[in-house]
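Chemist: Before anything else, here's the structure in question.
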Amino acid sequence: MSHPAAATAPRRLHLNVNILHSGFVPSAWRLDHADPRAFVDVGHYVRVAQLAERGKLDAVFLADNAAIIDQIDFRPITALEPTVLLASIAAATTHIGVIGTASTSYNEPYNIARRFATLDHVSHGRAGWNVVTTADLPSARNFGRDAVPDHAERYARAAEFTEVVKALWNSWDDDAFIGDKASGRFIDVNKVRPLAHRGRFFQVQGPLNLPRTPQGHPVLVQAGGSADGRDLAARHAEAVFSASQSFEESAAYRRELNARAAAYGRPAGVKVLAGLTTIIGATEAEARRRRDDLIDQIPWRYSLTRIAGILGVSPDVLDLDRRLPDDLALPNGGNGNHTFFHATLAEARRGGHTVRELIRALGGGGGHRVIVGTPEQIADDIERWFKGEAADGFNLMPDALPDGLEAFVEGVVPILQQRGLFRTEYEGRTLREHFGLARPDHTHAQRHEAAEPA
C-alpha cells in the first residue's frame, strides 16, 4: 500500500559524532578535566556515546588506522579496534547507531562481512560499515608491502570487496531460519546459498555462517573524495562522510554524487554528512578564547608536520608566516589522500591564510571545517547548509570530548529541535530507521548479480 504523506515528508537533519579519542583538536587531552588515557578507556567511549544518545543523535562513528601515523610524542591516536569497541558501546546504549571503519586494502571480505553482521545482530540492527581504502606507507609495511598499492588498484579492489561483502550478507533469505521444535527443522537449506565468487582479487565460496541481520544488512557508509571514491559511493554507499570547506563546494559535491548514484539506478541518492568541528562558547568571544587556548597548547612543529603530511611536502618548505606554495600537487603522484589534500588547500586559498593562520582556521591542522561560536551561531550555520541542500547532515567532531559534545547536546540540539529540523525522540530502533533508509530488497537474482566477478 502506498503512503502519499510519507512521500512528501520533510527532510530530517542527521547528526553523527566522530569519537576521536579526546577530541578533534590535538591538544584536547591537555585540558584540566581530560583523562590522558581516554584513548584506550572503553568507559570514555561509552560515556560519549551515552551523551550522544541523550541528544538523540543518529550514530557514533569510529575511524581507524592500521598503523601509527600521527606523532605520538604529543598526541593520542586511534588505538582500539572499532568493531570490538562498538560492541561494548552497543551493550551500553539502546538506540544510537554504531558505525565503524574497516579498510578494504588490508582485510578480507569474508571476515568483514561476518564482523559487521555480528555487530548488527549484537546491536539489534544499529550497525554501519565505513568503507575506506588505505593510502599510508606505515600500514602497507604492517601487512608485508614495501609500497602503497596504486590508487586505481586500491579502488578496484574496494569495489570487488564491497560487492562480495554485500553478497555474503544476502546469502541467507530472511526466512531461512525455521527453528521448529515439533518438526525438528532448524534451517531451510534451500534458502542459504553459496556465492562461488571468482574475481580479480578474491575467491569466496560462501555462504556466510550467520543469518541475515535485523536491518537486512548493515548500513554502508563511504569516505573518499577522489573520482574513484565518488564512484564507489555512487554504486554502494547509503551515506557518505565528506570534507568540504565551503557551502558551494559541498552543494556541488552532493549534486554530483547523487547524479552518479541516479546513473547507477539509485534514485534515492546518498546521504551526505559533512565533517564539522565545533568550538562552542556562551559568547563568540568566549568561543574564540577556547579555540585560542587549545591551539596555543599545540607545538607549532606538530601542526607543521601534520599539514605537511596532508599536503605531501617536507615541513621545511612551509613557513608559518607565509602562504602555502603555489605549485602543490597531489601527494605521491596522486597515490595519497585526495580528500584532505583538497580540503586543506581549499581553506588556504579561500581564506588567503598564512600557514599559521591556516593551522588556527583548521583547529590545529586537520582537514575538516571548523566553526567557532555560540550555540545559536552553530545552529544557524547547520540550518543554512541543510536547508540549502549542501548537506543532509553532519559528522560532528567536537573540539574536546566529552565537554565539547555536551555543549552541542545542551546548547545546539534544543535550537535545532525548536526549529523543527531535528528529532525530539527516536522514532525507530535501527540505524536505517534513523537515516530514513529502506530495508534492502533481498532476492536471489540480486544475490547472483552481486556475486559476479568484478
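The values are calculated or read from the model by the stated rules, or taken from the named source; none is laboratory data. Owing to the predicted nature of the structure, the values given are computational and were not obtained by experimental measurement. Positions of Cβ are generated from backbone atoms using ideal geometry, with glycine treated the same way; all protein chains shown enter the neighbour counts.
Every residue, every condition in (1) surrounded by fewer than 13 Cβ atoms within 10 Å (Cβ to Cβ); (2) among the β-branched types (V, I, T); (3) under 26 Å from T430 (Cβ atoms), yes or no:
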| site | (1), (2), (3) |
| --- | --- |
| R185 | yes, no, no |
| V189 | yes, yes, no |
| R198 | yes, no, no |
| T213 | no, yes, yes |
| P218 | no, no, yes |
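Chemist: Mind checking which residues of the stretch 289-318 are at pLDDT 90 or above and among the acidic types (D, E)?
Modeler: If the condition is that a residue be at pLDDT 90 or above and among the acidic types (D, E), then D292, D293, D296 are the ones that fit.
Chemist: Among the listed residues D41, D58, which satisfies the condition of being farther than 18 Å from R126 by Cα and among the acidic types (D, E)?
Modeler: Details: D58 fails: farther than 18 Å from R126 by Cα.
Of the residues listed, the single one that is farther than 18 Å from R126 by Cα and among the acidic types (D, E) is D41.
Chemist: Still on this model: Quick one: count up the residues across the stretch 242-277 that are surrounded by fewer than 18 Cβ atoms within 10 Å (Cβ to Cβ), closer than 21 Å to V370 by Cβ and not polar (S, T, N, Q).
Modeler: 4
Chemist: For the condition surrounded by fewer than 24 Cβ atoms within 10 Å (Cβ to Cβ), among the polar types (S, T, N, Q) and closer than 21 Å to F341 by Cα, what is the one hit in T354, T374? Talk me through it step by step, then tell me what you get.
Modeler: On the way: T374 fails: closer than 21 Å to F341 by Cα.
Within the list T354, T374, the selection yields T354.
Chemist: Within the group A391, A438, A445, A451, which residue is modelled with pLDDT under 95, of a type in the set (A, V, I, L, M), more than 22 Å from A285 (Cα to Cα) and surrounded by 22 or more Cβ atoms within 10 Å (Cβ to Cβ)?
Modeler: Details: A391 fails: modelled with pLDDT under 95; A438 fails: surrounded by 22 or more Cβ atoms within 10 Å (Cβ to Cβ); A445 fails: surrounded by 22 or more Cβ atoms within 10 Å (Cβ to Cβ).
One residue alone meets the criteria, A451.
Chemist: Also, I was wondering about something else. Consider R301 carefully, then state whether it is part of a helix (DSSP H, G or I), under 26 Å from V17 (Cα atoms) and among the charged types (D, E, K, R). Working first, answer last.
Modeler: Values: part of a helix (DSSP H, G or I): yes; under 26 Å from V17 (Cα atoms): no; among the charged types (D, E, K, R): yes.
Here the answer is no, as R301 does not meet what is asked.
Chemist: Determine which single condition I359 fails, assuming it passes every other condition in (1) touching a strand residue (DSSP E or B) at 6+ places or on another chain (Cβ under 8 Å); (2) surrounded by 21 or more Cβ atoms within 10 Å (Cβ to Cβ).
Modeler: Evaluating I359 over (1) touching a strand residue (DSSP E or B) at 6+ places or on another chain (Cβ under 8 Å); (2) surrounded by 21 or more Cβ atoms within 10 Å (Cβ to Cβ) leaves (1) as the failure.
Chemist: Could you check how many residues of the stretch 343-397 are among the β-branched types (V, I, T) and under 17 Å from R290 (Cβ atoms)? Can you show your working first?
Modeler: Going through the stretch 343-397, the residues among the β-branched types (V, I, T) turn out to be 344, 354-355, 359, 370-372, 374, 378, 382.
Now restrict to residues that are under 17 Å from R290 (Cβ atoms): 359, 370-372, 374, 378.
Total meeting the criteria: 6.
Chemist: If you take the residues of the stretch 17-49 that are among the small types (G, A, S) and touching a residue at least 12 places away in the same chain (Cβ under 8 Å), which of them is nearest to G364 (Cα to Cα)? Lay out the reasoning, then the answer.
Modeler: Of all residues in the stretch 17-49, those among the small types (G, A, S) come to 22-23, 27-28, 34, 38, 43, 49.
Filter once more, so that each one left must be touching a residue at least 12 places away in the same chain (Cβ under 8 Å): 22-23, 27-28, 34, 38, 49.
Working: S22: 14, G23: 12, S27: 8, A28: 11, A34: 18, A38: 20, A49: 24 Å.
Among them, the one singled out is S27.
Chemist: Test each condition in (1) within 36 Å of the chain's Cα centre (by Cα); (2) surrounded by fewer than 13 Cβ atoms within 10 Å (Cβ to Cβ) for K166 and report the one that comes out false.
Modeler: So K166 meets the others, but not (2).
Chemist: (1) without any contact (Cβ under 8 Å) to a residue 40 or more places away in the chain; (2) surrounded by fewer than 24 Cβ atoms within 10 Å (Cβ to Cβ): which one isn't true of G100, the others all being true?
Modeler: (2)
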